[in-house]
Every structure is written in structure tokens, then in C-alpha cells.
1. Provide a whole-number value for the mean count of partner chain Cβ atoms within 10 Å of the Cβ atoms in peptide B:5-18.
2. Once every Cα of chain A carries one equal point scatterer and solvent is ignored, give the base-10 log of I(q)/I(0) from the Debye formula at q = 0.12, 0.20, 0.25 Å⁻¹, two decimals.
3. Across the residues of D:26-34, average count of Cβ atoms on other protein chains within 10 Å?
4. About the Cα centre of chain D, what is the dipole size in debye to 20, counting +1 per Lys and Arg Cβ and -1 per Asp and Glu Cβ, all else neutral?
5. So what's the net charge close to A:H33: Lys and Arg +1, Asp and Glu -1, counting the other residues with Cβ under 13 Å from its Cβ?
6. For a quick protection proxy, order the peptides E:57-66, D:52-61 by their average other-Cβ count within 10 Å, most packed first.
7. Given the DSSP H assignment, sum -39500 (n - 2.57) over each helix run of at least 4 residues in chain D and divide by its residue total; what's the result at 222 nm in deg cm²/dmol, nearest 500?
8. Which residues among segment F:1-38 fall inside the zone where the amide N is under 16 Å from a point 7 Å beyond the Cα of B:K2, along Cα→Cβ?
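Each value in this text was obtained by applying a stated rule to the coordinates, not by laboratory testing. Values in this document were obtained by computation on a predicted structure and should not be read as measured data. All Cβ positions, glycine included, derive from the backbone under ideal geometry; neighbour counts span all protein chains shown.
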Protein chains: 6
Amino acid sequence: MKMSLRNQVTGTVKSVTKGEAMAAVKVEIAGGHVLTSSITRESAEDLQLREGSEVTVLVKSTDVALGVAD
Amino acid sequence: MKMSLRNQVTGTVKSVTKGEAMAAVKVEIAGGHVLTSSITRESAEDLQLREGSEVTVLVKSTDVALGVAD
Amino acid sequence: MKMSLRNQVTGTVKSVTKGEAMAAVKVEIAGGHVLTSSITRESAEDLQLREGSEVTVLVKSTDVALGVAD
Amino acid sequence: MKMSLRNQVTGTVKSVTKGEAMAAVKVEIAGGHVLTSSITRESAEDLQLREGSEVTVLVKSTDVALGVAD
Amino acid sequence: MKMSLRNQVTGTVKSVTKGEAMAAVKVEIAGGHVLTSSITRESAEDLQLREGSEVTVLVKSTDVALGVAD
Amino acid sequence: MKMSLRNQVTGTVKSVTKGEAMAAVKVEIAGGHVLTSSITRESAEDLQLREGSEVTVLVKSTDVALGVAD
């Protein structure tokens, strides 16, 4: 599927922390940055995410803010 | 300010496209990925964003989705 | 209240999964689609959501992405 | 790609309104509901969206709120 | 309608800037804070928003980040 | 850091409810409004949030919807 989601970056799962309803997933991307994704527990299990899983990080452009040094 | 926003990645502005209300900003981050941010026109002008501006990309974890290859 | 939220679709709650902080709610809408909503546990209890509850699904247009087949 | 985005509903584009930076796209889904998506103008053009295009509406669960009648 | 949206604050519209697809609306709330809302142009016209309009600002809890002084 | 996030309001933490993955934080702002923020548990601990913590509430303009009385 080709998506309007402008931001798609590949990475590797470093950890998955599951709660009852949600899960927090850490993903390392190029440059050594580690991103955090909060998804439903169901998604994490549905995608069988675990340390080492290869994933694509997906972020809509309207959810990306910017900052500049003072 | 230390922020709850888990995802903070530095990058360089590649382009700024301004509409009346909004602006679309392209930012290159490590690994050569180019991200897109949709912010208000006012923000883009307030932060004086232009090609070459050094920025920090800010994304809340709840706005980060994940995908795995079929 | 008339709202700027462009996307308002009625549906019926199929399940509510509660964590400490959040809850995942499944809602069936027309056409048999089952949507998932992640809200605070407090909201789920405040709205007394349970299987069979009639609800309106509310989504802001800036949170709606699109995909097309490759 | 299998995605954590829990909400994926097929539909048909009814209209595309383009601004400089953003575009508003109307999509009819099952049950006759017409949803609105705000994406970047670039995405709308990249996906070649026009009236009649078959699309998948994509919404993250954390972006879905709920309401109940008073 | 009773909503899961935890954050509902009343305010007065200070300005409306309309683009083709989107609109940026400034709203003054208690304490003199002026908030900015980016909605579709259609919403702004549908709600007949203009300077002086009384509105309720609506924000989902998952869209609220926090910062603390360094 | 100067940010594109248009909405920045100071407040005081009233409570922090932690789950495994997420945390719900109540913040009182001017005018006595109490806002709710859903962030990762890690963020809540990283920022050492507890009752009485002084914080800045951060919301992107694209996440702010509006309503008007019927």
C-alpha cells in the first residue's frame, strides 16, 4: 500500500513493554536514534513485535513538531 | 525544558512550503531520511525556518505507528 | 455541541480492555468494520462504556491518513 | 505491510481540496458515511487522489475519541 | 454528547486565518492564554467562527505532552 | 528550545496514575481547569512527575479541535 503518511523510517525493535491496554515499543533507527512508539497491546502482539524485529516507523506529518535552539 | 515527548531527532531543513494557514517543512535527519512536518505558517515564520536551518524534530510516542513486512 | 471534528460515526461497543492508565475500546460501525479507540481508563469509566453501549466515534481530520493499493 | 494502525477502512474519494501546503480529502465509506482527511498536498498528488479513487482510510487508535448521548 | 475527550476548555475566538484546505484559529482562554487550533477550512465555516465567537477547545489526552524546566 | 508547538500553558500536577506502559497525568492550569495528559510511564518517571510538580502543557495546533454550542 502506498500511503499518505510522509514519514516512514526503518528500524529494529530494542524492547517492548506491555500493559493491559497499551504497549511502549523502543525502535533504533539510522544514526543510533532510539524512538518510542505507543500502540495498543493488541497491535504489538498482532505484529509479533519483540527485540530484533525489523519494523517501519510510521508518522503522519501533522504529528511532527519542530524546535530550534534559543 | 525537559519534555515527555520521547522522540527528538536533530536534522536540517531542506525546504519550507507555506500556505495561508499551514506550512509543510522537509527535514533531513541522520541516515539520509527526509521527514515531513506540517505546522502552522505562523510557527514556520516564528522559528524563521528556511533551507539549512538546524532543527529538532519532535514527535509524541502516541503518534508513532509501526509496520512489519507481510 | 457542534464540533470541528469532521469525522463522527455511530457504532456499538464490542469490548472494553482496561489497563491502569488507558483503555482499548472496540466499536463496530456500519459495514461491519470494527474500530479501536485508545482512551484513558477514566474516560471509559466516566462514559460507562461496556459491550452494547451506543457511541459516536470522533476523529479529527488531521489524524486521518490514506493509502492506495500499489 | 502489516501495521499497528488498528483502524483501516476502505472507501472512495468524493473530493480533493488542495491548498498550498495541505489538502482536504473527502472519502465515502460503508454505510454512506463521508470522512474527511487532512494530508499534505504532496501526499494527495503523490497518491494521485481524485474523485473515484479507491483508498484505505488509516487512523491510529490513540486518535479515536468516543462520545455517548447525554 | 458526553465525550472521552478529557480536555474541554471554553474560550473566545481572537482570529481566524483561512487557507484553501485549512484554517488556523486563535482562541483566548482563562488566564489570558491564547491557544491555536488548526482545523479544516470547512469546519471553520461550518461553525461560523469569527472574532468573538464563544467556543470550547477540545483536546484528547493522548495529544497532550508535558515539559519541566531543566 | 523554541518550538513550533503553538500551545504551551503552565500548570501544576494534581495526580499521576501509572500503568505498565502509559501514565495519565492531571494538571491544573489557570482558571482552575484540570487537563489530562497521557504519556508513557517512562516519560512520567523521567520527568519525575508527582503531585505539585510545575509543568508546561504542550499541544500541537493540529491536535486542537473546537466546538460551539448548538
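1. Across B:5-18, the average partner-chain Cβ count within 10 Å equals 5.
2. Once normalised to I(0) and log-transformed, intensities are -0.36, -0.90, -1.18.
3. So the per-residue partner count for this stretch is 4.
4. On the way: 8 positive and 9 negative charges, 30 e Å.
Computed about the Cα centre, the dipole is about 140 debye.
5. Residues close to A:H33 contribute a combined charge of +2.
6. So the peptides E:57-66, D:52-61, ranked by packing, come out E:57-66, D:52-61.
7. Taken over chain D, the calculation gives -2000 deg cm²/dmol.
8. Once the point is set 7 Å along Cα→Cβ of B:K2, F:1, F:13 turn out to lie under 16 Å by backbone N, inside segment F:1-38.
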